[in-house]
Structures are given as structure tokens and as C-alpha cells.
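The values are calculated or read from the model by the stated rules, or taken from the named source; none is laboratory data. The model shown is predicted, which means the values in this text are computed figures rather than measured ones. Glycine gets a Cβ as well: all are built from the backbone with ideal geometry, and neighbour counts include every protein chain shown.
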Amino acid sequence: MLHVQTFSTKGIKKMNDRRPLIAGNWKMFKNGPEAVAAAIKLANLLGKNHDVDVMIAPPFTALAQVSDAIKESRLSLGAQNLFWEFEGAYTGEISPAMLVSAGCEYVIIGHSERRQYFGETDDTVNRKISAAVDHDLKPIFCVGESEKERESNATFSVLDKQVTSGLKGFSSNQLKALIIAYEPVWAIGTGKTATTDQAQEVHRFLRAMLENSYGNTLAKSIRILYGGSVKPDNISELMAMDDVDGALVGGASLDPETFSGIVHFQI
Ligand code: 13P
């Protein structure tokens, strides 16, 4: 029997067995000591009781220190990127095995900023997801359309291509730990959040794609996060949507009190 979590308020009922995940992407902010201080403050604010998974992804240089600092807490650690090779002459790159040894459980892959500024493609994203899977890192696979693509009604075809190419060649067994983050590019760092209907519509579409390719059981178990200007005052309505299983938070994850306000959403 699956454990079914029921969240309800204001007549909204949400019944599924997906454990919410609130993930903080700290991007290129905070040096080692700053990251440790923020992580400890957050861990203290969140306490030990949890029915929500919480992950923070500091910059590479802070990973090992933050990992030590949060060992006894409910927080998990994630990285913001990886390279797919195990080791070698790849100046400036970080391997999946290095992330594991630094204490990471999750890794963000294919963030739109990496696609936009660092030339990541659906193909490199596919290789990175594969490397993460091989090393038991939980991939947080980011997809999302630009403003222009949304305006020209290309949202679903863009997402279809990103997901199909990004997950090419995987069996359902390999995707058990997969997490998808829907981050509309126009909502990142802009203060413009997708409406709850827009988010739900896309999340539903992504889950239907997963169902088509991998069957109902896997599709029902994969967590789909929303990202893009998530704040304490909009998280609850987003989380009330059936297919929104958490959030990938940028700016509002940098301040422990604000992030804790997001983790403590109410639906
Ligand atoms: P903001 O929350 O700052 O819009 O960033 C979202 C994001 O890019 C998370 O990965």
C-alpha cells in the first residue's frame, strides 16, 4: 500500500504519494563562510520535523563546508551543475564522483542560465543526467520556455523537445530518482510568476509526457517542481495545484528567513 499524503485547506484537496521538495538554488552567491552561516541559520529555523524535503545548492566552493555544517539537520545538499566524465584533463570541470564525495545528494541540470550563458544543449543535458543517474545523484532536470516562445504558442513544443531529448535513451528504472523543474525563463528573477493555472497546465502536460513514455507508475512518482519568482506569498497557491510538487527557488532562497517561509507553505 502506498502512503498517501493528503493536504487540504479552503476545500482544496491534494492526494498523492509525492513528497514535496523545496530546493534553493543559490546560484553564484555566498562564499564558504557565508554559505555555512546561512545553512546553519536555515537548519535552526526549520527544526527536525519534516514532511517536506529541503535542499540547498550553494556554489561548488562551499559544498564540502556546508555538507559538514548540515549533517545533523533535515537539509540536503545539491550542486548546480556537473560534468559527465568521471575524471580527466577537463580544466575547470567537476565530476559526479566529486559531488558525491562533497556530500551532494542532488544536482541541478540544464538550468536556463547554463543553456543561455554557457552553451548547454539538450544533448549535453542528456549526458549530464546520465552521469548523475550513474552516480546515484538525484537530477533536477530544468526545462522552460522563453517569453517569445510562450507568446508564439510554442510552449508545449519547446517543452516536448527539451524533455524528449534530455531523457533520450533512459529506461524507467533509471529515472526513479528524477525530478523535473519547470522554470519558465520569463519568470526567473523577474518578479513575474506563472499563474497557478499556467503552472498546473504545464506540469500536467509534463506528467502526461512521462506517462506516455514510461507508464503511469513512474509518471505518478516523479516530482515536478515549479521555479520562477517563488516567494513566501505565492508558494501556497502554487503548492495547492495537483501536479506542483515543490519549488526551485533562486533569489528568495538566499535569505534563511524568507526561504523558511517558503518551506512552511500552507495549503
Ligand atoms: P528566482 O526564484 O530568483 O526567480 O530564480 C529561479 C531559479 O532560477 C531557480 O533555479
Those residues of segment 44-61 which are small (Gly, Ala, Ser) and either in contact with a Lys or Arg (Cβ under 7 Å, 6 or more places away or on another chain) or surrounded by fewer than 20 Cβ atoms within 10 Å (Cβ to Cβ) (or both), in sequence order:
Gly47
Please work out if Glu237 is charged (D, E, K, R), without any contact (Cβ under 8 Å) to a residue 12 or more places away in the chain and assigned to a helix (DSSP H, G or I).
no
For segment 2-22, check the following and say yes or no: at least one residue is modelled with pLDDT of 95 or more and over 17 Å from the mean Cα position of the chain (by Cα).
no
In segment 182-206, what residues are within 16 Å of the ligand (Cβ to nearest atom), free of Cβ contacts under 8 Å to residues at least 40 places away in the same chain and part of a helix (DSSP H, G or I)?
Gln198
Please verify whether segment 157-175 includes one or more residues that are surrounded by fewer than 18 Cβ atoms within 10 Å (Cβ to Cβ), more than 13 Å from the ligand (Cβ to nearest atom), over 30 Å from Ser101 (Cα atoms) and among the basic types (Lys, Arg).
yes
Helices (runs of 4 or more DSSP H) lying entirely in segment 28-136 (those with 3 or more residues that are within 16 Å of the ligand (Cβ to nearest atom) and either under 24 Å from Gln174 (Cα atoms) or touching a residue at least 24 places away in the same chain (Cβ under 8 Å) (or both))
112-117
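Hey, can you tell me all the residues within segment 240-267 that are closer than 22 Å to Ala43 by Cβ and either of a type in the set (Lys, Arg) or assigned to a loop (DSSP other than H, G, I, E, B) (or both)?
To start, the set of residues in segment 240-267 that are closer than 22 Å to Ala43 by Cβ comprises 246-266.
Passing the criteria: Gly250, Leu254, Asp255, His264, Phe265, Gln266.
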For residues in segment 214-230 being surrounded by fewer than 16 Cβ atoms within 10 Å (Cβ to Cβ) and not β-branched (Val, Ile, Thr), which is nearest to the ligand (Cβ to nearest atom)?
Lys220
Quick one: count up the residues across segment 137-149 that are away from the ligand (no atom under 16 Å from the Cβ) and crowded, with 18+ Cβ neighbours inside 10 Å.
2
Go through the residues of segment 233-242 one by one and say whether even a single one is under 27 Å from Ala37 (Cβ atoms) and away from the ligand (no atom under 12 Å from the Cβ).
yes
So Ser152 clears everything in (1) surrounded by fewer than 15 Cβ atoms within 10 Å (Cβ to Cβ); (2) in contact with a strand residue (DSSP E or B) (Cβ under 7 Å, 6 or more places away or on another chain) except one condition, right? Which one?
(2)
